[in-house]
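All remarks here apply to the structure that follows.
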Amino acid sequence: MQTLARRQVLTSLAGIPLATILANPQLARAAAAGLEEVSITTEGGRKVTASLALPETTPAPTIVVIHEWWGLNDQIKTVAAEYAREGFVALAVDLYGGQVASDPDGARALMQATDPVAATDSLKSWIAWLKTHENSTGKVGTVGFCFGGGWSLNASIAAPVDATVVYYGRVTPPASELKKLAGPVLGHFGTEDAFINEAMVGGFEAQMAKAGKPFENHWYVANHAFANPSSARYDQEDAALAWSRTLTFFKKHLS
């Protein structure tokens, strides 16, 4: 009954654009409330939690959604809910152990305190869980934003998946690591981003080519976090275009 109720919450928001939901805290909370909290014990013996959104029709392909440096907040849960509305099983993972930042200093502290070994353990375990979930087709993709964008790529290297999407995340692995990828990578980057810049992404493109792995890359005349409606750098037109390209990419490679 609880799962049905959650699906009804997601269905009730159908027809409302994602950007509208994300920009309205009340709607975002309503969308987030439609997700189910799930927990597992990782390969490393740690208990971790995540938020699961189910589509109306299952089994379905699955997507791991990885949060920004703020943590697993309502915005990221809403993105997962939107993937469910598009027909995917979506899992919004939590790499901060339930902590959520409200200001940049707090976000930076949480990001810097993240243990890469523990984060990799969590993501590998969640990917394995999704592949065998009763509502899953066995196909898995990853997507992440900012901090989560880098971890979307890292997860796909550690536990090869069918498709990977990076929104303005750190992309510095060498070709020797990128050879472990099992599926293509889609990237969304802003020309005005001072850190995840053209030099970094250009180097990544070269390393992907050296590794012999497919990489579809899109540049937007926008800044970092351009797809986050709660950010002052939000660009509605570019965010919508990136979302459309991401859906097309996942539907192609996870079908």
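Between 140, 185, which is in contact with a helix residue (DSSP H, G or I) (Cβ under 8 Å, 6 or more places away or on another chain), in contact (Cβ under 8 Å) with a residue 60 or more places away in the chain, among the β-branched types (Val, Ile, Thr) and surrounded by 17 or more Cβ atoms within 10 Å (Cβ to Cβ)? Full working, then the answer.
Details: 185 fails: in contact (Cβ under 8 Å) with a residue 60 or more places away in the chain.
From the options 140, 185, the qualifying one is 140.
Are there any strands (runs of 3 or more DSSP E) wholly within segment 152-255 with 1 or more residues that are charged (D, E, K, R), out of contact with any Ser or Thr (no Cβ under 8 Å at 6 or more places or on another chain) and at pLDDT 95 or above, and if so which?
Ranges flagged: 215-220.
Kindly list the number of the only condition in (1) surrounded by fewer than 24 Cβ atoms within 10 Å (Cβ to Cβ); (2) in a helix (DSSP H, G or I); (3) in contact with an Asp or Glu (Cβ under 9 Å, 6 or more places away or on another chain) that fails for residue 87.
Single failed check for residue 87: (2).
Of everything in segment 114-137, what is open to solvent by 30 Å² or more (accessible area, probe 1.4 Å), of a type in the set (Asp, Glu) and either touching a residue at least 12 places away in the same chain (Cβ under 8 Å) or on the phi > 0 side of the Ramachandran plot (or both)? Give them in sequence order.
Within segment 114-137, just 134 meets the criteria.
Note down all Cβ pairs under 6 Å where the first residue falls in segment 91-113 and is more than 13 Å from residue 73 (Cα to Cα), the second is open to solvent by 80 Å² or more (accessible area, probe 1.4 Å), and they're at least six residues apart or on different chains.
From segment 91-113, the pairs are 110/99.
I need the full set of residues from segment 201-230 which are of a type in the set (Gly, Ala, Ser), surrounded by 18 or more Cβ atoms within 10 Å (Cβ to Cβ) and under 19 Å from the mean Cα position of the chain (by Cα), in order please.
225, 227
The values are calculated or read from the model by the stated rules, or taken from the named source; none is laboratory data. Just so you know, these numbers come straight off a predicted model, no measurement behind them. For neighbour counting, all protein chains shown are included, and Cβ atoms are generated from backbone atoms with ideal geometry for every residue, glycine included. Each accessible area value is taken on the protein alone, full model and side chains, heavy atoms only, with ligands, DNA and RNA left out. Shrake-Rupley method; radii C 1.70, N 1.55, O 1.52, S 1.80 Å.
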